[in-house]
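Each remark here refers to the structure printed beneath this line.
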Amino acid sequence: MLNPLERTPVTEEALERIKELITSGTIPVGEKLPPEYQLVAQLGISRPSVREVLITLQAEGYIEIRRGIGAFVIDKVDFDKKKFVEWFQTNEFKIQELLEARMAIEPMAASLAAQRITDEELEQLGALYEEFVKSIEDHKLEEIVKGDELFHEMILKASRNELLYFMYSNFIPAMHDYRSRAFSPPANPYKATEAHIKIYNALKSRNANEAFQAMLFHIRESQSDIIETAQTIFYSKKEQIEKS
């Protein structure tokens, strides 16, 4: 089932190999992975490397390690949903404050950018949009998050208002965690592409009011989507428990 790996870097390659076998259904949900000594032989890597791979797979929701029994493939969709609800419940008030701050800063920045953005910046923003869409199509979460960050940051810079950009830049680190969760399953990242193209078109047409409204709608929609997704998962789980 598993062929020996070529070096470079072995742990990462082993991790991706097993992920592929799980996501393709070759190793189905509920099935036990081979014991460590077999994985060492089949993958051609050391036992510490195998353990590192297994720990990573468990952390990412692909397997569950049961002490004294072994590692079993689990349903990653259920894992992602559970993690999403846990994150939302832990950070609900912080999320609300973050989005309120964005609503106070970004629509105004978009309005100013519509009046001040250069043709070169518009071209760069269009390229960022295309890269963002491609990262979604390729299911590359880190690139999706980075693409969203760069798109919004460029609009702040194009506003030519240093104070607005300073305030925005102070919560970029907090936004990274929010974006990572907001673009992860079961969320639909394609909704952001619709909002981004509306914002881009408003900037391109130099319509300050339209840019303001498009950005405000985008942030409000993001807020409602996060809440709706969390509530849907929570009540779905509750119904399952009540029926069992």
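Nothing in this text is a laboratory measurement; each read-out follows from the coordinates by a stated rule. This one's a predicted model, so the numbers in the text were calculated from it and none came from an experiment. Cβ: placed from backbone, ideal geometry, glycine included. Neighbour counts: every protein chain shown.
A few comments on the model shown:
- Neighbours of E143 by Cβ distance under 14 Å: Lys/Arg scored +1, Asp/Glu scored -1, total -3.
- Were the residues from E20 through T193 laid out at 0.36 nm apart, the gain over their Cα-Cα distance would be 59.5 nm.
- Least to most buried among T56, T26 (fewest other Cβ within 10 Å first): T26, T56
- Full-stretch length increase - E221, R160 - with 0.36 nm per residue and alpha-carbon distance subtracted: 19.4 nm
- Computed over the stretch 120-167, the Cα gyration tensor eigenvalues convert (square root of 5λ each) into semi-axes of 23, 13, 4 Å, ordered from largest to smallest.
- This ranking places V145, V29 by how few other beta-carbon atoms lie within 10 Å of each, fewest first, which gives V29, V145.
- Flagged links, alpha-carbon separation over 21 Å, of K76/K146; K140/K204; K134/K198; K94/K134; K157/K204; K157/K191: K76/K146; K140/K204; K94/K134; K157/K191
- The length gained on full extension between F72 and K140, counted as 0.36 nm times the residue separation minus their Cα-Cα distance, comes to 22.0 nm.
- Hull volume in cubic angstrom per residue (convex hull over the Cα atoms of the stretch 10-74): 75 Å³
- Calculated FRET value between I65 and L150, using beta carbons and R₀ = 22 Å, to 0.05: 0.05
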